[in-house]
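Note sheet for the following structure.
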Amino acid sequence: MAVLNITDEEKVKIKNAEPLLWLNAAFKKTITPSVTPSRKELFAAEARLARFAPLLARLFPELESFNGLIESPLLASQNTNKDKPHLYYKADHQLPVAGSIKARGGIHEVLHFAESLAVKNGIINEQNFDYKTLAEPPARDVFERYTIAVGSTGNLGLSIGIMANALGFNAVVHMSSDAKEWKKERLRKRGVTVIEHTADYGAAVAAGRAESDADPFSYFVDDENSSHLFMGYAVAALRLRAQLDDQGIEVNSEHPLFVYLPAGVGGAPGGITFGLKSLFGEDVHCFFAEPVQAPCMLLGMAGTQNSHPIHVKEMGLSINTDADGLAVGTASQWVCDATRHLLSGVYTATDQALYQSLLALKENEKIEVEPSAAIACLGPQFLTSEKGQVYLAKHNLADKLDKSTHIAWLTGGSFVPQEEYQNYLDIARRT
Ligand SMILES: *Cc1c(COP(=O)(O)O)cnc(C)c1O
């Protein structure tokens, strides 16, 4: 087996599907520019989203009041008191258009492709830089000739499918066996072609990639190897910084920031971690959260640079989890290599624990999320666990905890049909 930075004790826990907090030995406090993608790309992605904003406000009525920017609020927990560290929720479950964190990366990549076509075809140039015209015939005629394809466990398909379709592209989504029926339905209603696979996420991606590669007019959004997805996600850090400023929340060496990010293949949490480390350096601490049956990022990050991440099956795990957004067997090597030195650690949780957390969010905060998102709320309790104390002590954080800010990144949920959500609550109350 590949060399892994995990102890024998941790390996036993992983194999037994027991929750754990793994601390990343490869973590360096600050960014190593030669390893990571450049900050320039982060600002380029932000600028691209700003260029497209007028067009998006026109294509999606729900974006009009936000001037075409797709953003979510930063919500303070209703249950924070003076004795506890400050807990906030980044409410990506409310992100307009796609209803999940995938709106950030997926939509950015579709816009990047559309922009490159518009420039190549002379539709956008120095005389015409009014992106609203991309909703009109010359541009649409070009877009209609192309297919945008993607493999997904559900949410990436929603994000890519909805945006590609709105611009006039043919959209094809290869769904893994974990994908929820309502997500497929929602796409089909919009005219997106949904291809169902009986295999897992990795296989759906491989099938989609092969089919798309055979067609010169098809563009494949490669969730395992995409810097455009990654940078779209990373823009969240710039937006979050502005929200922290607005709310008067300090982040500095005396006021550390802890962020808990649900992880699947790694693009979303990896991109956001890259963005946050670029802006806040050693004052931000990012932890990923995964189901006990699918800790692919833990295994990927515990591997070595330039080595292919191992599949969770090699640990005897099944990938089975109701957290469909996190049901991934192998992490993105690209993301692992780009962000390995930025990640503080990974914790894992049982489905039972994430259902409890989903219920607590509903009862204590009146927030409704899907199971994948609920896992983020378990972060603070891992950080204050025995293992978490080791991290706090090592980085001189123990006495700063009462001045720290914690953000649970709620990654999806507002599109979940009420019936489905009630079903989640029922499961949570039974377990
Ligand atoms: C996709 C997804 C994630 C994780 O993103 P990755 O890029 O796959 O790591 C987390 N939560 C939800 C709800 C998602 O859909």
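Observations on the model:
- Inter-centroid distance (Cα atoms) of segment 88-110 relative to segment 260-300, Å: 16
- Cα-based helix-to-principal-axis angle, 39-59 vs the chain, degrees rounded to 10: 50
- FRET efficiency, Glu386 to Lys40 (Cβ-Cβ, R0 51 Å, nearest 0.05): 0.80
- With a simple spin-label model that places each label point 7 Å from the Cα along the Cα-to-Cβ direction, the separation between Asp130 and Gln422 comes to 4.9 nm.
- For segment 361-431, diffusion coefficient by Stokes-Einstein and Kirkwood Rh (Cα), 25 °C, 0.890 mPa s, µm²/s: 173
- Value of relative contact order over the chain, rounded to a whole percent, pairs C-alpha under 8 Å and six or more apart: 21
- In the context of the full set of protein chains, segment 298-351 has a per residue accessible area of 26 Å² (1.4 Å probe).
- Solvent-accessible area per residue for segment 1-76 (1.4 angstrom probe, square angstrom): 56
- Over segment 101-227, relative contact order from alpha-carbon pairs under 8 Å, at least 6 apart, %: 25
- A viscosity of 0.692 mPa s and a temperature of 37 °C, combined with the Kirkwood radius over C-alpha pairs in the Stokes-Einstein formula, give the chain a diffusion coefficient of 152 µm²/s.
- Taken over segment 135-265, the convex hull of the Cα atoms encloses 146 Å³ per residue.
- Seen against the Cα atoms of the chain and their longest principal axis, helix 201-213 is set at about 20 degrees.
- MRE, 222 nm, helices only [DSSP H, n ≥ 4, -39500 (n - 2.57), over the chain, to nearest 500]: -12500 deg cm²/dmol
- FRET efficiency, Glu314 to Asp213 (Cβ-Cβ, R0 30 Å, nearest 0.05): 0.65
- Pairwise FRET efficiency - Glu64 versus Arg145, Cβ, R0 = 41 Å, nearest 0.05: 0.90
- For the chain, the longest principal axis of the Cα atoms and the long axis of helix 155-167 meet at an angle of about 20 degrees.
- Candidate cross-link partners of Lys387 among the lysines, defined by an alpha-carbon separation under 23 Å and a same-chain spacing of 8 or more, comprise Lys11, Lys13, Lys15, Lys28, Lys29, Lys84, Lys277, Lys400, Lys403.
- Cα centroid of segment 339-378 to Cα centroid of segment 1-54, whole Å: 18
- Listed peptides 302-312, 55-65 by packing density, highest first (mean Cβ within 10 Å): 302-312, 55-65
The values are calculated or read from the model by the stated rules, or taken from the named source; none is laboratory data. Here the structure is a predicted model, which is why all the values come from computation and not from measurement. Here the Cβ is made from the backbone with ideal geometry for all residues, glycine too, and neighbour counts use every protein chain on show. Remember, those area values only see protein heavy atoms, side chains included, never the ligands or the DNA or RNA. Shrake-Rupley method; radii C 1.70, N 1.55, O 1.52, S 1.80 Å.
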